[in-house]
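Below is one structure; the comments refer to it alone.
Here, each number is a calculation from the coordinates, and none is a lab measurement. Note that the coordinates shown come from a computational prediction; the quantities given were computed from them, not determined experimentally. Neighbour counts run over all protein chains shown; Cβ positions are idealised from the backbone, glycine included.
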Amino acid sequence: MPELPEVQTILNGLEKELKGKIIEGLDSYHNRTLLRDKELSASPFPAIIIDLERRGKFILIHLENENTIIIHLGMTGKLVLNRASTEISKYERACFIINKKDKLHFIDIRTFGKIIICPNKNVSQYLPELGVEPLSKDFNLSYLRKALKTRKAPIKNILMDQKIIAGLGNIYANEILYRAKINPETPASSLSSQQLSRLINTTKTVLNEAIEKNGTSISDYRRIDDKKGEFQNFLQIYQKTFCPKGHPVQKIKQGGRSTYFCPVCQK
Ligand SMILES: [Zn+2]
């Protein structure tokens with residue numbers, strides 16, 4: 001599932017290629033993918049893209065006509081910009097027509113992805129409760145200390161809780177905890193200030209490195225030019241047999257997800 005660095009990489013690509021361009025129309029090929037707000041005027045297109053932003057794992061495309069397109073990639077969704085192709089791929093669920101001839105294909109094998117079009121004022125209705133952005137200044141020691149004070153759940157589960165920190169998923173939660181030398185089963189409320197500071201700094205470092213490497217392509221995630229990201233080559237613990245220091249990695253289940261950790265490095 002795409003996490004913050006993957007969604008940010010896609011957003012950076014869209015911003016570079018689409019900002020200021022006109023969406024002429026949107027074709028939909030699957031009844032689960034597209035959702036139109038009831039208050040939407042007859043056709044929101046054509047419309048100029050004036051701004052794009054990311055919130056957690058959501059992409060928001062703001063249009064000149066005061067509507068917003070919200071995109072969530074779900075488990076397997078990807079957006080591919082293709083200027084020449086006319087054929088519809090087997091798993092294509094929707095397609096934006098940009099400036100007459102360009103096409104932004106929404107391809108999604110599992111169909112958990114969503115495209116929502118709504119007036120700006122209704123955007124919050126479609127977003128779940130989202131916590132702090134981990135790359136913002138608001139993700140700091142006082143925020144995290146307060147947020148975790150009464151949380152006895154394992155820190156790994158807490159890192160993936162979108163209501164506390166927006167955008168982290170399984171891969172990055174594993175990587176962050178390894179690099180911060182924190183055992184994933186540690187009850188969140190028992191972490192020291194020193195550990196919390198290390199966790200915050202490591203989170204920012206890992207996410208920034210992953211964005212720089214265009215995200216992690218282990219399964220379906222691709223950039224908008226359909227190329228793979230490169231951060232899968234820099235993972236230190238996720239799906240590894242040995243940690244970088246040569247200790248055997250342990251694999252356990254937490255909240256139904258696979259946790260990889262080193263019992264020696266992460267005490
Ligand atoms: Zn180790």
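Quick rundown of the values:
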read-out	value
Residue-wise HN-Hα coupling along the stretch 232-238, computed from phi with Karplus coefficients 6.51, -1.76, 1.60 (Hz; x: Gly, Pro)	4, 7, 10, 5, 9, 9, 4
Distance from the stretch 103-180 to the stretch 24-83 (C-alpha centre basis), Å	20
Exposure proxy order (Cβ contacts within 10 Å, fewest to most) of 217, 124	124, 217
Cβ-isolated cysteines (cut-off 4.7 Å), the chain	95, 118
Estimated [θ] at 222 nm from DSSP helical runs (n ≥ 4, -39500 (n - 2.57)) normalised by residues in the chain, nearest 500	-7000 deg cm²/dmol
Cross-link table 38/149; 152/251; 16/251, entries beyond 32 Å C-alpha to C-alpha	38/149; 16/251
DSSP bridge orientation in the chain - percent antiparallel, rounded to nearest 5	90
Stretchable slack from residue 100 to residue 12, in nm (0.36 nm times residue separation minus alpha-carbon distance)	29.5 nm
Residue 162-residue 209 FRET efficiency (beta carbon distance; Förster radius 25 Å; 0.05 resolution)	0.70
Residue 35 versus residue 127: modelled label distance in nm, points set 7 Å from Cα along the beta carbon direction	1.5
Reach of residue 245 by Cα under 26 Å, taken over lysines that are not fewer than 8 positions away in the same chain	156, 181, 204, 213, 253, 267
Percent of Cα pairs exceeding the 32 Å cut-off, where the set is the chain	28
Estimated inter-spin distance, residue 264 and residue 225, nm [label 7 Å along Cα→Cβ]	4.1
